[in-house]
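Input: a single structure, listed below in structure tokens.
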Amino acid sequence: MQDPFHLLYAENHHWLQSWLRRRLDCQADAADLTHDTFLRTLKSNQLGQINEPRAFLCLVAKRVLYTFWRRNELERSYLDAIASLPGNVAPSEEEFALLREALEAIDAMLDGLPIRVRHAFLLNRLEGLTHQQIAAQLNTSAASVERWIKRALTQCYIVQMGLGR
């Protein structure tokens, strides 16, 4: 008898990869995100509780997609900022590697925050929205937004200290 994970994988891998490929229009990214989705599913320890496998996989895959898109946006913003620097100010290869490491650490930290905290922080830092604008968009108070952004900034500081900077 096959274990539940292998059965889930065998019955849904092709379907999930096709589902992701339609959303990404890239076979390689779809394959990577399919792998990530099954990895998160395995780590979730909820295999025995899954009644609707495809609905569950869609939920996990949507979270994986969100993280993928957020990371791409963060990387694109960073590369745009680097490209706009004059040649003599642009970072060296070593500095670039250190900056990329820091960005990946911050991204991993953001992934661990509650969605509203992460969303408020990204709207503030990447989109330049004020606390009031974010509060209106997220249908909450400016005080909550301020608290969430402070929480994310505290986590950024912890990451910075962990990287020895």
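The values are calculated or read from the model by the stated rules, or taken from the named source; none is laboratory data. Just so we're clear, the structure is a prediction, and the values are computed from it rather than from any experiment. Every residue, glycine as well, gets a Cβ built from its backbone with ideal geometry; the counts of neighbours run over all protein chains shown.
Could you check how many residues of the range 138-160 are among the small types (G, A, S) and under 20 Å from the mean Cα position of the chain (by Cα)?
The initial filter retains those residues of the range 138-160 that are among the small types (G, A, S), namely 141-144, 152.
Narrowing further to those that are under 20 Å from the mean Cα position of the chain (by Cα): 152.
Of the residues in that region, 1 qualify.
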message: If a residue must be surrounded by 11 or more Cβ atoms within 10 Å (Cβ to Cβ) and modelled with pLDDT under 90, how many such residues does the range 1-25 contain?
response: 4
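Yes or no, residue by residue, for (1) in contact with a Ser or Thr (Cβ under 8 Å, 6 or more places away or on another chain); (2) touching a residue at least 24 places away in the same chain (Cβ under 8 Å); (3) surrounded by fewer than 17 Cβ atoms within 10 Å (Cβ to Cβ):
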{"site": "P53", "(1), (2), (3)": "no, yes, no"}
{"site": "F56", "(1), (2), (3)": "yes, no, no"}
{"site": "R76", "(1), (2), (3)": "no, no, yes"}
{"site": "D80", "(1), (2), (3)": "no, no, yes"}
{"site": "A97", "(1), (2), (3)": "no, no, yes"}
- prompt: Quick one: would you say T67 is under 20 Å from the mean Cα position of the chain (by Cα) and under 23 Å from D29 (Cβ atoms)?
  reply: yes
- prompt: For the range 134-149, does any single residue satisfy the condition of being within 24 Å of R63 (Cα to Cα) and touching a Pro at 6+ places or on another chain (Cβ under 9 Å)?
  reply: yes
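Name the helices (runs of 4 or more DSSP H) wholly within the range 51-130 that hold at least 3 residues that are assigned by TED's automatic domain parsing to the domain that holds D36 and out of contact with any Phe, Trp or Tyr (no Cβ under 7 Å at 6 or more places or on another chain)? Write out each step before concluding.
Working: elements: 53-83, 93-111, 115-125.
In the range 51-130, the matching helices (runs of 4 or more DSSP H) lie at 53-83.
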message: So A136 ticks every box in (1) hydrophobic (A, V, I, L, M, F, W, C); (2) under 28 Å from L33 (Cβ atoms); (3) part of a helix (DSSP H, G or I) but one. Which box is left unticked?
response: (2)
- prompt: Taking the range 140-165, which residues are closer than 19 Å to Y66 by Cβ and either small (G, A, S) or free of Cβ contacts under 8 Å to residues at least 12 places away in the same chain (or both)?
  reply: A152
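Which one of L65, L74 is touching a helix residue (DSSP H, G or I) at 6+ places or on another chain (Cβ under 7 Å) and at pLDDT below 80?
L74
For the range 121-137, which residues satisfy the criterion of being over 16 Å from the mean Cα position of the chain (by Cα) and surrounded by fewer than 16 Cβ atoms within 10 Å (Cβ to Cβ)? Full working, then the answer.
Step one: filter the range 121-137 for residues over 16 Å from the mean Cα position of the chain (by Cα), giving 124, 127-137.
Across the range 121-137, the qualifying residues are E127, G128, T130, Q132, Q133, A136, Q137.
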